[in-house]
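Just so it is clear, none of the values below were taken in a lab; they were calculated from the coordinates. What you see is a predicted model, and the numbers here were worked out from it, not measured in a lab. Cβ sites come from the backbone with ideal geometry, for glycine too, and all protein chains shown count toward neighbours.
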Amino acid sequence: MSFLAEAKDLRAYYITRSYGVERTVKAIDDISIQIKEGEILSIAGESGCGKSTLLKVLLGAIDPPLRIVGGTMQYRFGEDYYDVLSMSVDDLKKKRWSQISYIPQGSMHVLNPVRKIGNTFHDFIVTHRDLDKQETGKMARNYLGRLGLSAEVMNVYPHQLSGGMRQRVTIALATVLSPKLVLADEPTTALDVLVQRGVVQLLKEVQQREGSTLVLVSHDMGVHANLADRIAILYAGKLVEIAKTERIFNSPTHPYTQYLIESLPRLDDKSDRTSIPGRPPTLENPPKGCRFHPRCPHALEVCGQKVPPLTDLGNGHQTACFLVSEVDNSEPG
Amino acid sequence: MKILRDLFKHHLAFRAGAVIVLLVFLLVSLSFFSPYEATERRVVPKNQAPSLNHILGTTALGQDVFWLLTFAIRNSLMVAGLAVLIGRSIAVLLGSFSGYMGGGVDKVLQSIVDSFIVIPRLPLLILISVIVKGGLNLWGLALLLGFLDIFWPSKRYRSQILSLREREFTYTAVFSGMNTFNIILKEHFPFFIPYLLADAVSGFLWAIGMEITLAILGLCDLTRPTIGTMIYWGNYYQALLSQRLWVLAAPVIGSIFIVVAFYLISTSLSEYLDPRTRLKRLGASQ
């Protein structure tokens with residue numbers, strides 16, 4: 001199986017220590033996930049469930065207080081495997097932007113306000129390619145042209161662009177070196193719906209043209225439905241369900257996913273939408289067993305005691321819920 | 001050069017400032033052609049009102065006010081310039097080093113800086129001047145002013161750096177693999193330079209003011225003509241009471257012009273160098 005990045009039994013905690021008090025926030029607790037070559041993988045979930053942290057680990061941007069407590073994290077480029085956790089900083093720097101790129105959340109301040117866009121492009125390209133200013137300018141202009149953006153943006157300052165334009169430029173900046181893996185952290189947040197659509201289309205276009213792999217973090221299920229090949233649902237630092245997009249939307253198996261899908265408005269259905277009762281738990285002290293069981297309408301006794309394992313339902317559909325695995329087990333073979 | 005020409009053409013404040021500064025430098029360069037030595041006394045009739053022979057009059061010590069003023073402005077500018085050069089360059093290094101290093105280095109440096117900041121500068125200068133009793137020549141004064149002008153500014157530069165290194169675009173640049181030196185040079189300097197320019201001019205003006213203050217109090221080398229010592233000697237011989245205002249008017253008006261000119265230049269330059277305000281002005285004029 002050709003994967004591009006793989007996390008195994010990953011545990012990433014935020015550990016802070018001050019005045020003799022240690023706080024541990026278990027932002028990612030035992031997650032295994034494979035990112036396949038050429039796919040668009042979406043990561044969904046409520047705020048504070050570990051989405052951004054997972055992205056940080058995937059980027060190899062592990063700075064204190066975030067610490068990897070267990071598990072492994074690998075990249076594969078061509079035939080070479082790279083262990084992110086033991087890679088040297090220099091190696092990682094070389095890989096970043098040229099192989100693994102990042103579209104930050106909210107492009108408002110991503111571009112240096114006192115430098116023209118063209119200079120920013122130049123700075124980012126020469127870090128990885130040995131080119132002079134004319135060549136980088138040509139390269140950036142060509143690339144912007146291919147994305148349907150006017151080359152004029154090269155000569156303006158970021159504040160002269162609209163929010164949507166700025167986000168598009170940021171996407172262009174992140175993908176100008178044709179990276180294999182692109183990670184986007186809520187790329188459509190703070191944009192209006194129309195602009196969102198344009199940005200989503202641009203992302204898809206870039207991914208298809210360059211054959212790159214896109215990992216997308218968002219809590220906008222609409223964006224997921226539009227873009228993703230596969231969707232991973234995170235809840236309280238755990239992977240609760242992962243499947244192809246249609247399966248997640250048509251036949252979700254985990255109660256949390258079911259809630260998420262049911263909360264979406266539908267054209268033909270005008271009834272009120274219900275939200276999930278309760279709030280997500282603090283990651284400092286998550287509930288025992290299945291982390292969703294205090295909010296789950298179908299909670300069994302076992303849910304409060306044991307952690308449900310990720311069960312394969314075939315076709316790449318995996319769920320961590322006793323409702324599914326118990327039923328499976330009780331079926332007479 | 002093109003920037004300066006553009007500014008001169010289109011920015012009224014810059015034009016005014018530049019013209020005055022040019023005049024000031026013209027005055028300074030005239031000092032090299034003075035018919036009298038800088039420290040010479042009793043070379044012209046005393047206490048003459050401005051006339052064709054002595055366009056700004058003469059002092060009670062028998063000096064020509066105009067030629068004395070050329071020396072005075074030259075010396076004052078040199079003292080202030082040297083003080084700024086010493087003070088602010090060390091301040092920039094100290095502040096940005098402290099800001100970029102952070103952590104323990106920052107803590108140690110800042111506690112040293114803090115302990116100097118709490119010392120009030122004017123009383124300290126007066127104290128030192130009293131102790132050396134006029135033995136402080138112009139260079140000594142410049143050094144002292146420069147030294148005292150390290151700590152507050154370094155704090156400001158550090159705060160700029162601290163803010164810059166937490167900006168989103170810095171993170172993006174770091175993430176993209178750009179090395180630290182390039183980030184400082186290409187991403188941060190464009191922010192920092194306009195600030196530094198405006199700030200250095202304010203330091204320059206502070207140093208001129210301090211020199212004048214100390215001289216008026218009679219605390220530095222009074223034999224050398226500076227703007228401050230001209231006022232001191234004018235007061236000493238009762239220029240105000242005996243209505244020989246021309247003795248005081250020349251240095252006072254001269255210093256006001258210098259201050260205003262440098263202020264105008266600094267604000268217009270920093271406004272121009274910041275693309276946001278520049279483009280705002282462009283947009284407004286269209």
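Points to keep in mind about this one:
- Convex hull volume per residue for region A:96-182, taking Cα atoms only, in Å³: 85 Å³
- For q = 0.06, 0.11, 0.15 Å⁻¹, Debye-computed log10 I/I(0) when each Cα of chain A counts as one equal scatterer: -0.23, -0.76, -1.30
- Rounded to 0.05, the FRET efficiency of the A:Glu284 and A:His109 pair, given R0 = 22 Å and the Cβ-Cβ distance, is 0.15.
- Computed from Cα atoms, the angle from the helix A:163-175 axis to the main principal axis of chain A rounds to 90 degrees.
- Region B:179-286 shape via C-alpha gyration tensor axes, a/c threshold 1.5: oblate
- Principal-axis tilt of helix A:193-210 within chain A, Cα atoms, nearest 10 degrees: 80 degrees
- Scattering from region A:14-68 was approximated by placing one identical point on each alpha carbon and applying the Debye formula without solvent; log10 I(q)/I(0) at 0.17, 0.18, 0.28 1/Å stands at -0.64, -0.70, -1.27.
- The Cα-based radius of gyration and maximum Cα-Cα distance (Dmax) for the protein assembly as shown are 34.4, 125 Å.
- Note on B:Val43 and B:Arg15: the extension gain reaches 6.2 nm, defined as 0.36 nm multiplied by sequence separation minus the Cα-Cα distance.
- With the simple spin-label model, which puts each label point 7 Å out from Cα in the Cβ direction, the A:Glu152 to B:Leu122 separation comes to 5.5 nm.
- Separation of the B:Val252 and A:Glu79 label points, Cα + 7 Å toward Cβ, nm: 8.9 nm
- Here's the list of lysines a cross-link from A:Lys138 could span, going by alpha-carbon distance under 18 Å and ignoring same-chain residues fewer than 8 apart: A:Lys116.
- Sequentially through region B:135-148, phi angles give Karplus couplings (6.51, -1.76, 1.60; θ = phi - 60°) of x, 8, 7, 4, 5, x, 5, 4, 4, 5, 4, x, 4, 6 Hz, Gly and Pro residues having no value and appearing as x.
- Taking other C-beta atoms within 10 angstrom as a stand-in for reagent exposure, B:Asp199, A:Asp80 fall in the order A:Asp80, B:Asp199, fewest first.
- Every Cα-Cα pair of region A:9-121 was included, and the share exceeding 21 Å stands at 49 percent.
- Separation in nanometres of the label points that stand 7 Å from Cα toward Cβ, at A:Ser178 and B:Val259: 6.4 nm
- Folded to 0 to 90 degrees: helix B:12-30 orientation relative to chain B principal axis, Cα: 50 degrees
- The amide H of A:Ser101, built 1.01 Å from its N in the peptide plane, has A:Leu181, A:Val182, A:Leu183 as neighbours under 5 Å, considering only residues 5 or more places off or on other chains.
- Rg and Dmax of region A:57-210, both derived from C-alpha coordinates alone, stand at 16.2, 48 Å.
- Two-site FRET efficiency, A:Ala190 against A:Glu135, from Cβ-Cβ distance with R₀ of 60 Å, rounded to 0.05: 0.95
- Cβ-placed point charges (K, R +1; D, E -1), dipole of region B:1-145 about Cα centre in debye, nearest 20: 220 debye
- Extension gain from A:Ser2 to A:Ser263, taking 0.36 nm per residue of separation minus the Cα-Cα distance: 90.5 nm
- Cut-off 13 Å between beta-carbons: net charge of the residues surrounding A:Asp91, Lys and Arg +1, Asp and Glu -1: +1
- Given charges at beta-carbon only (K, R positive; D, E negative), |dipole| of the protein assembly as shown in Debye: 1980 debye
- In terms of its alpha-carbon gyration tensor, chain B comes out oblate; a/c meets the 1.5 threshold, while b/c is at least as large as a/b.
- The H on the amide N of A:Lys36, modeled in the peptide plane, is under 5 Å from the matching H of A:Leu4, each at least 5 residues off or on a different chain.
- For region B:217-223, 3J(HN,Hα) computed residue by residue from phi via the Karplus equation (6.51, -1.76, 1.60; θ = phi - 60°) reads 6, x, 9, 10, 4, 8, 7 Hz, glycine and proline entered as x.
- Once backbone amide H atoms are built at 1.01 Å from N, A:Leu313 has A:Gln318, A:Thr319 as its partners under 5 Å, excluding neighbours fewer than 5 places away on the same chain.
- The distance linking region A:240-301 with region B:31-48 is 93 Å (Cα centroid to Cα centroid, whole angstrom).
- Using the rule -39500 (n - 2.57) for each DSSP H run of four or more residues, divided by the residues of the protein assembly as shown, the 222 nm mean residue ellipticity is -16000 deg cm²/dmol.
- Contour minus Cα-Cα distance for A:Leu300 and A:Arg273 (0.36 nm per residue): 7.2 nm
- Exposure proxy ranking, count of Cβ atoms within 10 Å, fewest first, for A:Tyr81, B:Tyr263: A:Tyr81, B:Tyr263
- In this structure, A:Arg23 and B:Val108 have a Cβ-Cβ separation that, at R0 = 25 Å, corresponds to a calculated FRET efficiency of about 0.35.
- Karplus-derived 3J(HN,Hα) values for region A:299-306, using 6.51 cos²θ - 1.76 cosθ + 1.60 with θ = phi - 60°, are 4, 9, 5, 5, 4, x, 10, 10 Hz; glycine and proline are entered as x.
- Residue range of chain B that is longest and free of trypsin sites (Lys or Arg not before Pro) which are both DSSP loop and sparsely packed (at most 12 other C-beta within 10 Å): B:134-286
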